[in-house]
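What follows is calculated from the coordinates using simple rules that are stated; it is not laboratory data. Just so you know, these numbers come straight off a predicted model, no measurement behind them. Please note: Cβ atoms are built from the backbone with ideal geometry, for glycine as well, and neighbour counts cover all protein chains shown.
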Amino acid sequence: MDGSSVTREAHHAAPRCLISLHERANGTSLDGEGIQAWLEWEWEAMRWRVPVEISRDELEALVERSTVVLEREKHRLIHETDWRRWGARGGRETLRRYGPRWFSLLARRRWGRIGPEELEAARWTQ
């Protein structure tokens with residue numbers, strides 16, 4: 001070996017996030033939130049060429065079969081346009097679950113304006 005280590009990561013040609021989107025879309029009523037969940041699922045499914053009417057079991061199997069191991073940098077390049085969309089989805093969920101105060105503290109921590117101790121202390125005052 002030449003001394004350099006290449007970090008490898010699992011890549012899913014059908015990303016794992018499809019499973020949680022499928023669950024949300026199929027586990028809600030057709031109110032405003034349910035319609036939004038369905039539209040998000042449908043959009044991502046079409047983006048990744050996954051049949052919208054697929055069952056959860058079939059989707060899970062598809063995601064598993066689509067796994068390949070790639071060098072980290074190549075994997076990151078493949079998903080370069082996906083990070084923002086996936087991050088926004090996670091951010092909205094964090095905001096919904098924990099509220100704007102916690103969301104703001106997470107941002108301050110990410111930007112280095114508060115340390116891990118301050119974030120941990122704030123966890124108990126929520």
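Summary of computed values
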{"quantity": "Burial order of peptide ranges 10-17, 55-62 (average beta-carbon count within 10 Å, highest first)", "calculated": "10-17, 55-62"}
{"quantity": "Convex hull of the range 8-80 built on C-alpha atoms - directionally averaged projected area, nm²", "calculated": "4.9"}
{"quantity": "Cβ-based exposure ranking for THR67, THR7, in which fewest neighbours within 10 Å come first", "calculated": "THR7, THR67"}
{"quantity": "ILE35 versus SER66: modelled label distance in nm, points set 7 Å from Cα along the beta carbon direction", "calculated": "2.8"}
{"quantity": "Filtered GluC sites (Glu not before Pro), the range 1-55: DSSP coil and at most 10 other beta carbons within 10 Å", "calculated": "GLU53"}
